Amino acid sequence: MKIKVAIIGCGSISEFRHAPEYAANAHAEIAAFFDHNPERAERLADMFGGKVAPSIDAIIEDPAIDAVSVCTSNETHEEVTVKALRAGKHVLCEKPIAISVAGARAMMKAEEESDCVLMIGHNQRFSKAHIVARRLVASGEIGKVLTFQTTFGHSGPEHWAFEKSKDSWFFSKDRSVLGAAGDLGIHKLDLIRYLLEDEIADIAAFGGALHKTDSDGEPIAVNDNMVCIVKTEGGVLGTVSLSWTYYGEEDNSTTLYGEKGIVKIFANETYPVQVKRSDGTSRQYEIDGIQTNDSQTDSGVIDAFIDCILKGKKPPVSARDGLVSLKLIQAAMKAAEERRSVRVK
Ligand SMILES: NC(=O)c1ccc[n+]([C@@H]2O[C@H](COP(=O)([O-])OP(=O)(O)OC[C@H]3O[C@@H](n4cnc5c(N)ncnc54)[C@H](O)[C@@H]3O)[C@@H](O)[C@H]2O)c1
């Protein structure tokens, strides 16, 4: 049996990840695309097959459709996801889960009241380098992790999103809401929870619109950079740097510093994971790199989503994971605004 999927929102993440990865999955079939710019849906239907749906409701009401990918702008995730779950469709929703905690909770309630899977697209957990690094930490390869630094930065969504414009929705206070911190930080805070199997307890941050301007030449209404200092429940200290102004080269690297050595992730192109121990020994792992804006590899997210539906498994990135990351980013933004550290409940 093939899972019939509809993709709602036909911009960059659909074109570069969702559509090609469904098309490559032997257990999935793309049944329909919808975008409120119909030419974008038509373009993807021409590229990947499937029909163009006339509306979201037409998808929701179609009994032949089993599952939906929500790839629209942030402010619409809640509405589209809740509608789809209430209609009995499994949902893979892009990050951030929602723009508010109340929105995320409404999605979780709709999931609880359905028999469907709700998974959030935090793809960093599926990168082979991160899976290997997590295993290394868990096996005690570098002893107890004491500190870390992680960063995620690129040249900004106006170079990535379908509309390459200074008026990108990513820069809008009402539509993006969380800025670079939400766009990128949500990935990295989720990753740290995953790598350390620990929860972030306290967060302090500085952020701002340092360089991006809108079409009137004014600074954008959301942050384009944020640097956070965090402390985990287990006492690990770390920094999380997020940027839409890393012009020239994307940086997605993480270093974990333990009692007996360090693990470096994405610091070296050939060896995405490197272990350097205090006794002078080292080990390098030649595995796939992560998806970058310029180099798209298989994220693994779609395969995991389809597998959950087929096998009735719980999603590897749950709505609760999405909610926790959202709360962490909100706490960072509050910390930056109020110039203090914030305890995360
Ligand atoms: N997991 C990742 O690494 C990753 C990377 C990039 C983007 N994203 C997320 O994916 C989502 C989409 O981002 P993108 O980069 O593809 O943006 P994009 O601007 O390229 O595409 C978004 C598309 O959604 C359409 N759209 C918006 N609201 C709609 C609605 N209500 N109904 C139908 N269509 C609607 C727009 O017309 C546009 O074509 C965002 O939430 C973003 O945070 C995730």
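The values are calculated or read from the model by the stated rules, or taken from the named source; none is laboratory data. None of these values were measured; they are calculated from a predicted model. Here the Cβ positions follow ideal geometry from the backbone for every residue, glycine too, while neighbour counts run over all protein chains shown. When the accessible area is computed, the model is the full protein with side chains, heavy atoms only, and any ligands, DNA or RNA have been set aside. Shrake-Rupley method; radii C 1.70, N 1.55, O 1.52, S 1.80 Å.
Remarks
- Taken over region 148-167, residues that are under 18 Å from the mean Cα position of the chain (by Cα) and of a type outside the set (G, A, S) amount to 9.
- Subset of region 30-43 [within 15 Å of the ligand (Cβ to nearest atom) and buried (at least 22 other Cβ atoms within 10 Å of the Cβ)]: A32, F33, F34, D35, A41
- Sole residue being charged (D, E, K, R), over 12 Å from L326 (Cα atoms) and open to solvent by 40 Å² or more (accessible area, probe 1.4 Å), chosen from E94, E112: E112
- Scanning region 122-158 for residues that are surrounded by fewer than 19 Cβ atoms within 10 Å (Cβ to Cβ) and within 11 Å of the ligand (Cβ to nearest atom) yields a total of 1.
- Hits in region 1-29 (condition: buried (at least 22 other Cβ atoms within 10 Å of the Cβ), on the phi < 0 side of the Ramachandran plot and not basic (K, R)): V5, A6, I7, I8, C10, I13, S14, H18, A19, Y22, A28
- Residue that is nearest to the ligand (Cβ to nearest atom) [pool: residues in region 44-83 that are open to solvent by less than 30 Å² (accessible area, probe 1.4 Å), hydrophobic (A, V, I, L, M, F, W, C) and not in a helix (DSSP H, G or I)]: C71
- Residue match in region 86-103 (condition: in the same structural domain as L210 (by TED's automatic domain parsing), among the basic types (K, R), at pLDDT 95 or above and within 12 Å of the ligand (Cβ to nearest atom)): no
- Listed by position, the strands (runs of 3 or more DSSP E) contained in region 120-239 that have at least 1 residues being among the small types (G, A, S) are 145-153, 200-208.
- Checked against (1) more than 14 Å from the ligand (Cβ to nearest atom); (2) among the hydrophobic types (A, V, I, L, M, F, W, C); (3) over 26 Å from T232 (Cα atoms), F171 passes all but a single condition, namely (1).
- Being in contact (Cβ under 8 Å) with a residue 40 or more places away in the chain, out of contact with any strand residue (DSSP E or B) (no Cβ under 7 Å at 6 or more places or on another chain) and open to solvent by 10 Å² or more (accessible area, probe 1.4 Å) is a description that applies to F171.
- Selection within region 271-285 - assigned to a loop (DSSP other than H, G, I, E, B) and under 24 Å from the mean Cα position of the chain (by Cα): Y271, P272
- Pair list, Cβ < 6 Å and 6+ apart or interchain, from region 67-88 residues that are within 22 Å of A19 (Cβ to Cβ) to residues that are of a type in the set (F, W, Y) and within 8 Å of the ligand (Cβ to nearest atom): S73/W169
- Of all residues in region 259-272, those that are in the same structural domain as Q149 (by TED's automatic domain parsing) and free of Cβ contacts under 8 Å to residues at least 40 places away in the same chain have Cβ atoms under 8 Å from Cβ atoms of residues that are outside any strand (DSSP E or B) and open to solvent by 70 Å² or more (accessible area, probe 1.4 Å), 6 or more apart or on another chain, in T270/E286; Y271/E286.
- A336 in contact with a Cys (Cβ under 6 Å, 6 or more places away or on another chain), modelled with pLDDT of 95 or more and in the same structural domain as P157 (by TED's automatic domain parsing): no
- Where A304 falls short, out of the listed (1) surrounded by 18 or more Cβ atoms within 10 Å (Cβ to Cβ); (2) modelled with pLDDT under 95: (2)
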